[in-house]
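For reference, the structure is listed below as C-alpha cells.
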Amino acid sequence: MTRKTKRFIQNNRQLYRFFIGFMFFMGPIAGAAMLFFAPLLGYLFVTAEGFWVHLGLSAIIAAFSLILVQFYFIYWQSSELQFLHLNMNQKAAFLAHLKALIQRSLIFHFMILAAFYRIDVDLKSALFVILAYSIFIAMFYWRYRTYLGNQNRFQETLSAYVFMFAQKIRFVRIKIVLLLMSSGGWLRLLLVFGTYALLFKLANSRIAWEYSIGIGLTLLLLNLFFVRQTFKLILSNIQRTEMFWLTLGPAVLASLYLKAKMFSIALAVINLLIIVVATSA
C-alpha cells in the first residue's frame, strides 16, 4: 500500500506541486476558515436540541467522509483491491485499508477533535466523536464493498431498476462520462471550477488594478494547467479502453477524441467569459 501511494504521487507529481502551491496561495484564507468552522461542527452538535439539526450535521460529516474515502480510492483499481482481498483474507485486507485511510485523513481528525476547543469532555461530546467515526467507517465500508464488486440482493434489484430506467432516457451517456472522468478526473474538474469561482470573486472585488492583474494572471495560468491535466486524464482513460471503443467502431473512438478536445477548449474559454461578464456587470 505504501508503494502504491508513492507511485501514484510520482505519476502525478506535477499536479501535486501546483496543488500545494495553490494551497499556499490560499493558505491564510483556508486556514482561517478551518480554524473557525472545525470547532463549530461539534459545538453545534453538542448544544443543539432539535432532531433535524443533528441529522443535518450528520449529513455534513457523511459528505466530508465520502470525499476523503473517494480520494483514497482514486489510486486503487478494483482488480488490485480484489487481489489483496483474496491474498490477505477478507478481514485483514479491510483493516489494512482502513488503517491506511485513517493515517491519511488528518483533516478529518482535526475537524472532529477540534470541537473540544469549545466543548467539554462529557457523554454527549463522546457520543459525537463515536458517531462521527462510525459514519466515517461506514462510508469506507460501503465504498470498499462496492469497489470489490460485492453487492447484496437489494443493490442488485436497485441496479436492475436503474438500468431499465437508464435505457429509456439513454443514461448510458452518463455512464460513459463517469468512465472518462475516472482515476481522479472529478478532482481535477473541481480544481478547475474552484479557480473559476476565485476569478469571478476577483473580478467583482475592489482590489487595486495592479494587484488584481497579477493575481488574475496567476489564477488564469493555474486554471489552464488544471484544464490541461483534466484533458490529459480523459485522453488517458480513452486510450486505456481504446480496444473497447474500437469494437463499437472507429467513428465512435474519433468522436470521443473530438468531444474531449471540445470539452477542454470550452473550459479554457470560460475563463474569458467570466472576466468579460464580471467586468461588464
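The values are calculated or read from the model by the stated rules, or taken from the named source; none is laboratory data. Computed from a predicted structure; not experimentally measured. Glycine gets a Cβ as well: all are built from the backbone with ideal geometry, and neighbour counts include every protein chain shown. The accessibility values were calculated without ligands, DNA or RNA, using every heavy atom of the protein model including side chains. Shrake-Rupley method; radii C 1.70, N 1.55, O 1.52, S 1.80 Å.
Below is a table of values for the structure above.
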| item | result |
| --- | --- |
| Residues of the range 179-218 that turn out to be of a type in the set (Gly, Ala, Ser), free of Cβ contacts under 8 Å to residues at least 40 places away in the same chain and either under 14 Å from Ile74 (Cα atoms) or not in a helix (DSSP H, G or I) (or both), as a count | 2 |
| Residues satisfying the stated conditions in the range 54-78, i.e. open to solvent by 70 Å² or more (accessible area, probe 1.4 Å) and without any contact (Cβ under 8 Å) to a residue 24 or more places away in the chain | Leu55, Ile60, Ile67, Gln77 |
| Matching entry among Val277, Val252, Val227 (being modelled with pLDDT of 80 or more, part of a helix (DSSP H, G or I) and among the β-branched types (Val, Ile, Thr)) | Val227 |
